[in-house]
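This report refers to the structure that appears directly beneath it.
The values are calculated or read from the model by the stated rules, or taken from the named source; none is laboratory data. This structure is a prediction, so every number in the text was calculated from the model and none was measured. We place every Cβ from the backbone using ideal geometry, glycine too, and count neighbours over all the protein chains shown.
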């Protein structure tokens, strides 16, 4: 394709040539999460005593109460991974990206850009992770003394981020602007845990993933403009939110930090009430209708791994509409890794990524947002893991 004239005027398709995934070695069991929540309850009670207040009441104590049995029954996770102190999102992404570059024939000099999806950026305002990763990978900013054109995009759309990043990559590649992009899904969610609320404390984990997206002739396209679908409802944004720490409501006191108001909060009941029926019904149907597909055409499905029990409810709705394919997930061993969750599930199920298989990848989360992509695997995919 490099030798073809007027490449900027041509349209291309896109394939995923390789996926790599990295997860920290530090395994955190459900029992450790339960113990950490009990410790937090004792800390809060001690603080209340210092201020002349009575202990937490029964209803208040419920947010600290959990167990291995409860988590497996209502969430489906057995454990998750936490990165080490001082190891940030950029480190998770770099480990996955270096694994890919070292084990495939993609050279750093052939990478035209990085689309970096994360909700836990390494630095609050600057520098952006995409630029940091460009340097970590040894992608030189100059070629023969001249500045080299390079695309850096940092994207955050809560748990819908990775599929949205895939769409951004598709737009760049299909237009002929670039040939090879690295699409990152990386998050250190352990730093976002509110230890006064089991809703997120029991689910979040850390991981980094990279998908090598590359241009192919249109007839070999895995995707298509009509195969991406998205939705948003900002009026429901407070259902999953971080109340303090942004420009709208900066941190003003030590208690903002000690009481975890700068960490994630979630109304789990409302998420279940709104997201499950939407993704299980109208959203998936709208995406299929746009592509001209039907549910019975799908061989594979991967959903954002927010909660395996919640996901099972979505799949049951799909099955009622004709879906009989295989559902790919991380087996409940890594928790909710947010932007990494779908590519991690793909990497851990490499034997299912067969040429000819049609898939649906559906992500949903804060905003509220939903991002769905449909596609067909038309080439072999190299899969690399360090988990």
- prompt: Does region 261-308 hold any residues that are more than 16 Å from residue 370 (Cα to Cα), touching a helix residue (DSSP H, G or I) at 6+ places or on another chain (Cβ under 9 Å) and exposed (fewer than 15 other Cβ atoms within 10 Å of the Cβ), and which are they?
  reply: 292, 294
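Report the residue count in region 357-377 for those that are outside any strand (DSSP E or B) and closer than 18 Å to residue 326 by Cα. Show your work before the answer.
Start the filter on region 357-377 by keeping residues that are outside any strand (DSSP E or B), which leaves 357, 366-368, 377.
Subset that is closer than 18 Å to residue 326 by Cα: 357, 377.
Summing the residues that are outside any strand (DSSP E or B) and closer than 18 Å to residue 326 by Cα in region 357-377 gives 2.
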- line: Taking region 204-238 and keeping residues within 23 Å of residue 256 (Cβ to Cβ) and touching a strand residue (DSSP E or B) at 6+ places or on another chain (Cβ under 6 Å) leaves 204
query: With (1) touching a strand residue (DSSP E or B) at 6+ places or on another chain (Cβ under 6 Å); (2) farther than 20 Å from residue 227 by Cα as the list, and residue 173 as the residue in question, which single condition is left unmet?
result: (2)
field: Members of region 254-275 that are in contact (Cβ under 8 Å) with a residue 40 or more places away in the chain and more than 18 Å from residue 201 (Cβ to Cβ)
entry: 274, 275
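Just for helices (runs of 4 or more DSSP H) wholly inside region 109-215: which have at least 3 residues that are free of Cβ contacts under 8 Å to residues at least 40 places away in the same chain and more than 16 Å from the chain's Cα centre (by Cα)?
Working: elements: 129-136, 161-174, 198-201.
Passing ranges, in order: 129-136.
For residue 109, state whether it is in the same structural domain as residue 149 (by TED's automatic domain parsing) and within 23 Å of residue 371 (Cβ to Cβ).
Numbers: in the same structural domain as residue 149 (by TED's automatic domain parsing): yes; within 23 Å of residue 371 (Cβ to Cβ): no.
No: the conditions fail for residue 109.
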message: I'd like the full set of residues that are over 24 Å from residue 333 (Cβ atoms) and out of contact with any helix residue (DSSP H, G or I) (no Cβ under 7 Å at 6 or more places or on another chain), limited to region 309-318.
response: none
Some residue of region 44-51 being surrounded by 17 or more Cβ atoms within 10 Å (Cβ to Cβ) and touching a helix residue (DSSP H, G or I) at 6+ places or on another chain (Cβ under 7 Å): no
message: Quick check on region 187-194. Is at least one of its residues surrounded by fewer than 20 Cβ atoms within 10 Å (Cβ to Cβ) and more than 20 Å from residue 341 (Cα to Cα)?
response: no
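If you go through region 337-356 one residue at a time, do you hit one that is assigned to a strand (DSSP E or B), buried (at least 19 other Cβ atoms within 10 Å of the Cβ), modelled with pLDDT of 95 or more and touching a strand residue (DSSP E or B) at 6+ places or on another chain (Cβ under 9 Å)?
First, pick out the residues of region 337-356 that are assigned to a strand (DSSP E or B): none.
Within region 337-356, not a single residue is assigned to a strand (DSSP E or B), buried (at least 19 other Cβ atoms within 10 Å of the Cβ), modelled with pLDDT of 95 or more and touching a strand residue (DSSP E or B) at 6+ places or on another chain (Cβ under 9 Å).
Quick one: in region 319-336, of everything that is over 21 Å from residue 24 (Cβ atoms) and out of contact with any helix residue (DSSP H, G or I) (no Cβ under 8 Å at 6 or more places or on another chain), which residue is surrounded by the most Cβ atoms within 10 Å (Cβ to Cβ)? Give the steps one after another, and end with the answer.
Of region 319-336, the ones over 21 Å from residue 24 (Cβ atoms) are 319-328.
From the residues that got through so far, the ones that are out of contact with any helix residue (DSSP H, G or I) (no Cβ under 8 Å at 6 or more places or on another chain) too are 319-320, 325.
Values: 319: 14, 320: 11, 325: 21.
Checked region 319-336; the qualifying residue surrounded by the most Cβ atoms within 10 Å (Cβ to Cβ) is 325.
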task: Mind listing whichever residues of region 68-84 are over 15 Å from residue 192 (Cβ atoms) and in a loop (DSSP other than H, G, I, E, B)?
output: 75, 76, 77, 78, 84
- request: For residue 56, work out the one condition from (1) modelled with pLDDT of 95 or more; (2) over 25 Å from the mean Cα position of the chain (by Cα); (3) surrounded by 13 or more Cβ atoms within 10 Å (Cβ to Cβ) it doesn't fulfil.
  value: (1)
